[in-house]
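Take a look at the structure set out below.
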Amino acid sequence: CGPAVLSLAPNLAINFSAYDFLKGKFEETSGQRVNRTSIGAICGFVAGWVANTATYPLHVVKRIMQADTATAVGAQRHRSALECFRSTLRERGVTGLYRGLPVTLARSGPVCATNFAVFEFAKKRFRVSPSR
């Protein structure tokens, strides 16, 4: 449970913060009225990439620790997430912490774009006023 929560909470925090920041900048620089659903998709796509790139090493550690747990009893290599992170960094270098990132980004961009586009559409449809 620990590594899973450790990777999910920062990802969501960065994702929503980046989305809010990007959406604010987009609205600030665009002098005209724009489609909120489209803005949600564009900003959501970028926010998903930012969040996943920033937190990807945590996901790698989570997967390594889950794989350790799935092996035979007593064969667990890492005693903690921090020890797993250090070991991975030492054995594989920084690139080892980002192995597989392109596949994750190929999935996360469209997923986050869809999530935030639907979010903006629902706010418009149900007439939820912006918090700004």
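The values are calculated or read from the model by the stated rules, or taken from the named source; none is laboratory data. Note that the structure is predicted; figures quoted are calculated from it, not measured. With ideal geometry, Cβ positions are generated from the backbone for all residues, glycine too; neighbour counts draw on all protein chains shown. The area values use the complete protein model at the heavy-atom level, side chains included, leaving out ligands, DNA and RNA. Shrake-Rupley method; radii C 1.70, N 1.55, O 1.52, S 1.80 Å.
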* **helices (runs of 4 or more DSSP H) completely within region 1-115 that count 2 or more residues being within 23 Å of Arg127 (Cα to Cα), at pLDDT 85 or above and polar (S, T, N, Q)** => 36-70
* Where residues in region 90-112 are more than 10 Å from Gly48 (Cβ to Cβ) and touching a residue at least 40 places away in the same chain (Cβ under 8 Å), which of them is most open to solvent (accessible area, probe 1.4 Å)? -> Tyr98
* Cross-chain or 6+ apart pairs with Cβ under 9 Å, region 57-69 first and without any contact (Cβ under 8 Å) to a residue 40 or more places away in the chain, then open to solvent by less than 60 Å² (accessible area, probe 1.4 Å) and β-branched (Val, Ile, Thr) -> Ile64/Thr88
